[in-house]
Amino acid sequence: MHAINDRLIQLALLVLIFGGWQFGVTAGLIDPFFFPAPLDILKQIVAWIINPGFYKHVSITLSETVLGYVIGTALGVGAGVWLGLSRRTARILDPFIKTLNAIPRVVLAPIFVLWLGLGLWSKVALAVTLVFFVTFFNAMQGVREVNPVVLSNARVLGANRSALLRHVYFPAAASWILSSLRTSVGFAVVGAIIGEYLGSSAGLGYLISQAEGNFDAAGVFAGITVLAIFVLIIDSILDVVENRLITWRPKEGERPA
Amino acid sequence: MSVLARSVPPVSVERRPDPAKPMVEIADVTMAFGDFVAVENVNLNVGDGEFLTVVGPTGCGKSTILNAVAGLLKPAKGTVSIDGQRVTGTGGDIGYLFQQDALLPWKTALENVELGLMFRGVGAAERRAQAMDWLAKVGLAGFEGRYPQQLSGGQRKRVQMAQALITRPKVILMDEPFSALDIHTRHLMQNELLALWQEDRRAVVMITHDLEEAIALGDRVVVLAAGPRSRVIDSFEVDLSRPRDVAEIKLDTRFMELYRNIWASLRGEVEKSYARNK
C-alpha cells in the first residue's frame, strides 16, 4: 500500500511542477525565452527522437563516455591496487598525485584538443582524467582496508602473491571499486559533454552548444533532459552488474542466521 | 553417498605418532616490536601427536609465539622449526585456527574449505570432493553454498576447522579459537575438535586464557608469565585418560587437583598483569 501511495505522491509532484511551469508560461508569468514551456521542450525531444540524425549524436557521446569510463576505470583500479599494496611507492608519489588531482580538469580540455584533435579521443581523454582519480582512490582504500586476519589466514593456507591478489585483495576491494564505478559514470558523461561543448562537430554536448548559439532555450533544456535519461539508463545497467558481481554481500533484510 | 565415500582416506591405517620426536621446536625465541619485547627467550618443544595448551594472562604475547610458528612473524632472536625444518615464511605444513572470523566472506563454505588444496595445486574435482567430505565431517553437509554471513558463529567456526584441517597439516595452531562462542556451543565444538584430532593425532599448539579448556583438551599445559618480556614459567603434564568429554571431565577429582596446581602458578601472573594494566 505504501509503495503505491508513494508513487501517487511522486506523480502528483511531477504534475504540479510541470503543470505549474506550463501554466506560468501560458499565463505570461514566466518568460519562455529563459524558461521554455515544458511542452515545447517535449516537442523538441520528440523531434530529435524521430530524426535518424539524432542517433549519430547519441552514439558518439555514448562511445566517448564508455571509452573514457572503461579506460579511466581500468587505469584507476590498476594504479590503486598497486599503490595500495606498495606503501612506499604511494608515499613517494603522493605529492604528484595530489597536485594532478588539484588541477581543475576542464582546463585540460584545450590541451587535449591540441594534442588529439577535435575528434573522439580528446573527449575520451578528458573523461579518463575525471574517472581515473575517483576509481584510483577507492581501489587504493579498498586494498588497504583488507581484514588482516583474513589475509593472514589466506597466507597460512598457502596463498602466494598472485593468489592473494586474486582471492583476497581484488574481492575485498571490489565493493569499494564498484561504489566508485557508480560515481564515475557521472564523471565520464561530464567529461564527454564538456569536451564536446568546448569544441566538436557532433554529440549531445554539441547539440546543446548549437542550441545555445541560436538562443534556443528549448533545445538546451531538451539536451539536458536527454542527458539525464542517458545517465539514468547507464546507472540502472550498473545496478544489475553490481548485484551480479557481489552476491556474497548480505542483502537488506537477509540477516545472518 | 558412494561419491563421497570414494575419496575418504583409508581409516584402517591409523597414524602412530612418536611422542619422542619433536614436531615443533621453539628455540630461544624472542619476539619484539620495535623497543617492545613481547616474549623473551622462550623454549618449547611439542612432540609428534602432542596436544600442548599455553595459558597466560592477557597481553602476555601468547599469540606472537603462534604467529612465529606459522611464519607470519619473524622472531627477533632464536629459531622455530617444524619437523626439523626451519620456518622462514608462510606456506608451511600447518593449519591455523584463528580467534576471529578468518573465512573469506566472498567465498562460499565449500570454496573456503577447499582453499588450502587449491593453493597446493590439487585439481578442481578432487578438492571439491574432499571439501564436501570435510563439510560433512564438521556437520555442515548441505551448507556448502552458503556464504559466511549466512552462517551462525558456531557454523563459521566449523567451516574454519574444516578449512584448517583439510590439508592434514603436521602441526595445528589454535589461537583461542572458541572464545567468542557461548558456553554450550563451546563445549560442543571442543568435543568435536577432540574427536577430529583423535582420528589423526597431529601435534597441536593451542593458546587460551581459559584454564579449564587448557586442562580438558591438552596433554600438557604451559604457563606464560605476565608480559612484557614474557617467558615460560611452568609446565604441567595432564595425565587424564582419553577420549575425554569436555563437560564431564571437569567433575573429575584429578582434573580439579590439576586445576588447583596450575592456577596457583598462573594466579600470580594474572594479578601482576592486572596491576600493570589497571
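Which residues' amide hydrogens lie under 5 Å from the amide hydrogen of B:LEU97, considering only partners 5 or more residues apart or on another chain, with H built in the peptide plane?
Hits under the 5 Å cutoff: B:LEU173, B:MET174, B:ASP175.
Calculate, for the stretch A:39-245, the solvent-accessible area per residue in square angstrom, rolling a 1.4 angstrom probe over the heavy atoms of the protein chains.
50 Å²
What angle, in degrees between 0 and 90 and rounded to the nearest 10, separates the Cα long axis of helix A:120-144 from the longest principal axis of the Cα atoms of chain A?
It is inclined by approximately 40 degrees.
Quote the FRET efficiency, to the nearest 0.05, computed for A:LYS56 versus B:ALA180 with a Förster distance R0 of 56 Å and r equal to the Cβ-Cβ distance.
0.35
Compute accessible area for the stretch B:131-147 by itself and then with all protein chains, 1.4 Å probe, and report residues whose area falls by 30 Å² or more.
B:TYR147
Antiparallel as a % of all DSSP beta bridges within chain B, to the nearest 5?
DSSP beta bridges in chain B are roughly 50 percent antiparallel.
Report Rg/Rh for the stretch B:1-140, rounded to two decimals, where Rg is the Cα radius of gyration and Rh the Kirkwood radius. Mind showing how you got there, number by number?
Details: Rg = 18.1 Å, Rh = 17.6 Å.
Rounded to two decimals, Rg over Rh is 1.03.
What is the mean number of Cβ atoms from other protein chains located within 10 Å of the Cβ atom of each residue in peptide B:190-202, rounded to a whole number?
Working: counts 0, 0, 0, 0, 0, 0, 0, 0, 0, 0, 0, 0, 0.
Average per residue, whole number: 0.
Am I reading the B/A interface right? What is its buried accessible area, both sides, 1.4 Å probe, to the nearest 100 Å²?
2200 Å²
The stretch A:81-139: D in µm²/s via Stokes-Einstein (Kirkwood Rh, Cα pairs, 4 °C, 1.567 mPa s)?
102 µm²/s
For the pair B:TYR274 and A:SER63, how long in nm is the line joining their label points, each one 7 Å along Cα→Cβ?
Simple spin-label model gives 7.7 nm for this pair.
Computed over the Cα atoms of the stretch A:1-121, what is the convex hull's projected area averaged over all directions, in nm²?
Numbers: hull surface 57.9 nm².
Answer in nm², one decimal: 14.5.
Which shape class, rounded, prolate or oblate, goes with the protein assembly as shown when its Cα gyration tensor gives a ≥ b ≥ c as root eigenvalues, a/c under 1.5 marks rounded, and past that a/b bigger than b/c marks prolate?
Because a/c hits 1.5 or more and a/b exceeds b/c, the protein assembly as shown counts as prolate.
Tally Lys and Arg at +1 and Asp and Glu at -1 over the other residues with C-beta under 11 Å from the C-beta of A:ALA163: what net charge comes out? Write down the numbers at each step before the final one.
Numbers: positive: A:ARG155, A:ARG161, A:ARG166, B:ARG120; negative: none.
Around A:ALA163, the charge tally is +4.
Leaving out ligands, DNA and RNA, what percent of the accessible area of the stretch B:105-264 is carbon and sulfur, probe 1.4 Å?
Within the stretch B:105-264, the accessible surface is 51 percent carbon and sulfur.
What is the angle, in °, between the Cα long axis of helix B:153-165 and the longest principal axis of the Cα atoms in chain B? Nearest 10 is fine, range 0 to 90.
Around 90 degrees separate the two axes.
With the cut-off at 1.5 for a/c, could you classify the stretch B:29-105 from its C-alpha gyration tensor as rounded, prolate or oblate?
rounded
Sort the stretch A:112-179 into rounded, prolate or oblate with this rule: let a ≥ b ≥ c be the square roots of the eigenvalues of the Cα gyration tensor; rounded if a/c is under 1.5, and if a/c is not under 1.5, prolate when a/b is larger than b/c, oblate otherwise.
Prolate is the answer for the stretch A:112-179, as a/c is 1.5 or above and a/b outweighs b/c.
Counting C-alpha atoms alone, how compact is the stretch A:39-245: give Rg to one decimal and Dmax as a whole number, in angstrom.
Every Cα atom of the stretch A:39-245 included, Rg and Dmax give 20.2, 68 Å.
What average count of beta carbons from other chains do you get within 10 Å of the Cβ of residues in B:97-107?
6
For every other residue with a beta carbon closer than 14 angstrom to the beta carbon of A:TYR197, add +1 if it is Lys or Arg and -1 if Asp or Glu, then tell me the sum. Provide the component values of the computation, followed by the final result.
On the way: positive: A:ARG105, A:LYS123; negative: A:GLU64, A:GLU196, A:GLU212.
With Lys, Arg at +1 and Asp, Glu at -1, the neighbours total -1.
Can you work out the Karplus-derived ³J(HN,Hα) for every residue in the stretch A:7-12? Use 6.51 cos²θ - 1.76 cosθ + 1.60 with θ = phi - 60°, whole Hz, and x for glycine or proline.
Working through the residues one at a time gives 4, 4, 5, 4, 4, 4 Hz.
At B:GLN99 and B:ALA136, where each label point lies 7 Å from the Cα along Cα→Cβ, what is the point-to-point distance in nanometres?
Reported label-point gap for B:GLN99 and B:ALA136 is 3.6 nm.
Provide a whole-number value for the mean count of partner chain Cβ atoms within 10 Å of the Cβ atoms in peptide A:156-166.
Counting Cβ atoms of other protein chains within 10 Å of each residue's Cβ and averaging gives 6.
Under 17 Å from the Cα of B:LYS107, which lysines turn up, not counting those fewer than eight places away in the same chain?
A:LYS251, B:LYS157
Based on the Cα atoms of chain B, what semi-axes does the equivalent ellipsoid have, where each is the square root of 5 times one gyration tensor eigenvalue, given in whole Å with the largest first? Intermediate values should be presented prior to the final figure.
Numbers: eigenvalues 192, 92, 70 Å².
Result for chain B: semi-axes of 31, 21, 19 Å.
Using the Cα centre as the reference, give the magnitude of the dipole from point charges on the C-beta atoms of the protein assembly as shown (Lys, Arg: +1; Asp, Glu: -1; all else neutral), rounded to the nearest 20 debye.
Numbers: 52 positive and 49 negative charges, 166 e Å.
My answer is approximately 800 debye.
Could I have the simple spin-label model distance between A:ASP6 and B:LYS74, label points 7 Å from Cα toward Cβ, reported in nm to one decimal?
5.6 nm
The values are calculated or read from the model by the stated rules, or taken from the named source; none is laboratory data. As the structure is a computational prediction, the values presented were derived from the model and not from experiment. For neighbour counting, all protein chains shown are included, and Cβ atoms are generated from backbone atoms with ideal geometry for every residue, glycine included. Ligands, DNA and RNA are stripped out before the accessible areas are found, and what is left, the full protein with its side chains, is counted by its heavy atoms. Shrake-Rupley method; radii C 1.70, N 1.55, O 1.52, S 1.80 Å.
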